[in-house]
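**Q** Quick one: this structure, given as structure tokens, is what I'll be asking you about.
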Amino acid sequence: MRAQAKQVRHEEEEESAFVSMTDMTVGFLFIMMILLAFFASQARETETVPLSRFDAMVADRDEWRALAETREQTIARLESDLAEALQTVKVLTAQVSDLTRERDELKVENAALTSRIDELEKLIRKLQARIKDQDKQIERLKSELERLKQVDPLEAYLSQVSSARREVLTRLRDAILADFPDLKVELSEESDALRFQGEGLFASGSPELTSEKAAIVSRLAARLDEILPCFTLGEASRFDESCNPSFAMVEAVQIEGHTDNLGSDQLNRNLSAARANSTFFAMTGAAQGVMRHLNLKRQPVLSVAAYGPDRPVTSNETPTGRSTNRRIDLRFIMVTPKDTGGIRTIREALEAVGSRP
């Protein structure tokens, strides 16, 4: 506002100066006219003005007239410049007003943005703190994962042995079923034994194999004699890593006799033992070499066990259940070392029979 007032005063002073110059010129001309009238009244007809003086006065008059005309042109030009300047000031004043308003709006927006920026910076700091916490958690999880990935050699070996046993039993079952499709034989739930229902091998209450069932047991012995060399020691062993990559070793192939719970305990135990023994002698008679397969203690792996009614696999409340419980199991018991030194002992023993001429 001060600048505007100062501008107005300056314009008023210029305008006053132009007005004063005009009044002075007019006044000067008016004085000249009075002087000329005075001289004319004093002059007599007989008096004359020298030509030189007249020419000088005419020259003065023309000079003052030209000066007056020049001043009028200057005044007109200055007045035009003044009007243009005033218009420019008006335009610039409007622009200043618009810019001032825009500046004030931007200040308000900037204040809002500054507040939002502060909020975002606080949020960013919180998120960065959470990221650091997550990074620490990730490192802990990575460390735990790395620890878990470092499999214990003994656990890894026992897992491989379990898989090898399942594979051997599956091969043995499939071979027997290929020879005797109607035979009731299955893999146990733990995948550690072949399960033959007793009624499938023996007549009810009888410990003796019929000639037809003896053929099944003989074939089982032959199949077993083909598989055991790669998993046992002894003269009949023929270890090769291609057939036993996990270096698993059989501790015992146990022929187990089981009965249902009907009858006396003594009768059932004697019956289960008699059936297990009948199976054992039938197998060793059909494949005599099966007794040459030895475990790590240099003992024959083929053995006999009788459990009577003590280990049922289903309820004895129904005829079907009792029939299932009257069975022969061929159980594979593997050597399970207590430490990595035991694993090394097994490997060395198998490699020794594998490298023999």
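The values are calculated or read from the model by the stated rules, or taken from the named source; none is laboratory data. Note that the coordinates shown come from a computational prediction; the quantities given were computed from them, not determined experimentally. Heads up: the accessible areas ignore ligands, DNA and RNA and are worked out on the full protein's heavy atoms, side chains in. Shrake-Rupley method; radii C 1.70, N 1.55, O 1.52, S 1.80 Å.
**Q** With a/c under 1.5 counting as rounded, go ahead and sort region 107-183 into rounded, prolate or oblate using the C-alpha gyration tensor (a ≥ b ≥ c being the square roots of the eigenvalues; past the cut-off, prolate if a/b is larger than b/c, else oblate).
**A** oblate
**Q** Here's something else I'd like to know. Determine, for the chain, the count of lysine pairs separated by eight or more sequence positions (or lying on different chains) whose alpha-carbon distance falls under 18 Å.
**A** 6
**Q** On to the next question. Could you tell me the accessible area of L78 in Å² (1.4 Å probe, neighbours in place), rounded to the nearest ten?
**A** Solvent-accessible area, nearest 10 Å²: 50 Å².
**Q** Just read off the accessible area of E84 with the full protein assembly in place, 1.4 Å probe, to the nearest 10 Å².
**A** 120 Å²
**Q** Next question, about the same structure. Which whole-Hz couplings ³J(HN,Hα) result when phi for each residue of region 163-174 is put into the Karplus expression 6.51 cos²θ - 1.76 cosθ + 1.60, θ = phi - 60°, listed in order with x for Gly and Pro?
**A** Calculated HN-Hα couplings, in order: 5, 5, 4, 4, 5, 5, 5, 5, 4, 5, 4, 4 Hz.
**Q** Would you please give the residues with an amide H less than 5 Å from that of A306, counting only those at least 5 places away or on a separate chain, with H modeled from the backbone geometry?
**A** Amide H neighbours of A306, under 5 Å, 5+ apart: G257.
**Q** If you don't mind, another one. What list of ³J(HN,Hα) values in whole Hz, one per residue of region 67-77 in order, does the Karplus curve 6.51 cos²θ - 1.76 cosθ + 1.60 (θ = phi - 60°) give from phi, with Gly and Pro shown as x?
**A** Karplus-based 3J(HN,Hα) across region 67-77 equals 5, 5, 5, 4, 5, 5, 5, 4, 4, 4, 5 Hz.
**Q** To continue, here is another question. Once the whole set of protein chains is in place, how much accessible area is left on E348, using a 1.4 Å probe, in Å² to the nearest 10?
**A** Number for this one is 110 Å².
**Q** Amide H neighbours of G234 under 5 Å, at least 5 residues apart or on other chains, H built in the peptide plane: list them.
**A** Close amide H contacts, sequence-distant or interchain: L294.
**Q** Okay, moving on. Provide the percentage of antiparallel DSSP beta bridges, counting only those with both residues in the chain; round to the nearest 5.
**A** Of all bridge pairs located within the chain, approximately 75 percent are antiparallel.
**Q** Calculated from the structure, Rg/Rh (Cα atoms, Kirkwood Rh) equals which of [x] 0.97; [y] 0.99; [z] 2.00?
**A** The value computed from this structure is option [z].
**Q** Could you rank I34, I346 by how accessible they are, 1.4 Å probe, largest area first?
**A** So the residues, ranked largest to smallest area, are I34, I346.
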